[in-house]
Amino acid sequence: MARYTGPSCKLCRREGTKLFLKGDKCTSGKCPFEHRSTAPGQHGAARKKVGEYGMQMREKQKARRYYGVLEKQFATYYEMAERQEGMTGENLLVLLERRLDNAVYRMGMASSRKEARQLVLHGHFTINGKKAKIPSMLIKAGDVIAVKENSRDNAKIKELAEAMAGKVKPKWLDANAESMQAKVVALPTREDVDFDFEEQFIVELYSK
């Protein structure tokens, strides 16, 4: 399955909630979801009864789209979460939170996870001094994520670094705007996930 390249706001409308896929635009009055929140399509505004399977599927799609993960990747994360100790649903969300593109977004060096993914793919970041170009790489406690030295004069990177100082960071990241880097002081927990997911629905879906 190819990555979705259509309008991001349609995904929010389909899930019936803001997924914050377009950065600052999502928190402004220009957000299309504020003016048209019904599901896309000819019958989007019609009321539909959602069954158990529908709720489970919607929750899975919501998490997948929120983190920008493909279907096969998401299933792989679920298998990893299932093999770990603890609650599978919580393990799944923590694994998604540990992705490098999410960490770059959460440290404030991107306005959205999509932008963070592009910056990582273009080789603008390092982990512990080594180039990191894989958005799905899972960060570990003690890792230092930093803007690559020869990327620091890039106009876009400078703009993001200036905005970084005013952004709220999760407690598992010790971020510094001046040095354009962040240290992973601890692995994220379920409480650090800044979106209201019903992960038990995802577990029920994959348990069938």
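Observations on the model:
- Scan of segment 61-86 for residues that are surrounded by 20 or more Cβ atoms within 10 Å (Cβ to Cβ), farther than 12 Å from Y206 by Cβ and either touching a Leu at 6+ places or on another chain (Cβ under 6 Å) or of a type in the set (F, W, Y) (or both), ordered by number: Y66, Y67
- Looking only at residues of segment 51-83 that are within 13 Å of the chain's Cα centre (by Cα) and of a type in the set (A, V, I, L, M), we find that the one that is farthest from T189 (Cα to Cα) is L70.
- Scan of segment 194-208 for residues that are at pLDDT below 95 and open to solvent by less than 40 Å² (accessible area, probe 1.4 Å), ordered by number: F195, F197
- M80 more than 18 Å from L160 (Cα to Cα) and at pLDDT 95 or above: yes
- When Q56 is tested against (1) over 26 Å from K171 (Cβ atoms); (2) modelled with pLDDT under 60; (3) open to solvent by less than 20 Å² (accessible area, probe 1.4 Å), just one condition goes unmet, and that condition is (2).
- Of everything in segment 129-166 that is of a type outside the set (A, V, I, L, M) and surrounded by 15 or more Cβ atoms within 10 Å (Cβ to Cβ), the residue that is farthest from D192 (Cα to Cα) is N154.
- Residue match in segment 96-106 (condition: surrounded by fewer than 20 Cβ atoms within 10 Å (Cβ to Cβ) and not hydrophobic (A, V, I, L, M, F, W, C)): no
- Residue in segment 182-194 that is assigned to a strand (DSSP E or B), within 25 Å of Y77 (Cβ to Cβ) and among the charged types (D, E, K, R) present: yes
- Selection status of K114, at negative phi and open to solvent by 70 Å² or more (accessible area, probe 1.4 Å): yes
- Among (1) open to solvent by less than 40 Å² (accessible area, probe 1.4 Å); (2) over 30 Å from N154 (Cα atoms), the one test that W172 misses: (2)
- When each of G123, G86 is tested for being farther than 17 Å from T189 by Cα, among the small types (G, A, S) and not in a helix (DSSP H, G or I), the lone residue that passes is G123.
- Residue check for R36: modelled with pLDDT under 95 and either surrounded by fewer than 20 Cβ atoms within 10 Å (Cβ to Cβ) or of a type in the set (K, R) (or both): yes
- Complete set of residues in segment 132-179 that are part of a strand (DSSP E or B), out of contact with any Phe, Trp or Tyr (no Cβ under 8 Å at 6 or more places or on another chain) and closer than 27 Å to L70 by Cβ: L138, L173
The values are calculated or read from the model by the stated rules, or taken from the named source; none is laboratory data. Since we're looking at a predicted model, the values are computed, not measured. No Cβ is skipped: glycine too gets one built from the backbone with ideal geometry, and neighbour counts run over all protein chains shown. Each accessible area value is taken on the protein alone, full model and side chains, heavy atoms only, with ligands, DNA and RNA left out. Shrake-Rupley method; radii C 1.70, N 1.55, O 1.52, S 1.80 Å.
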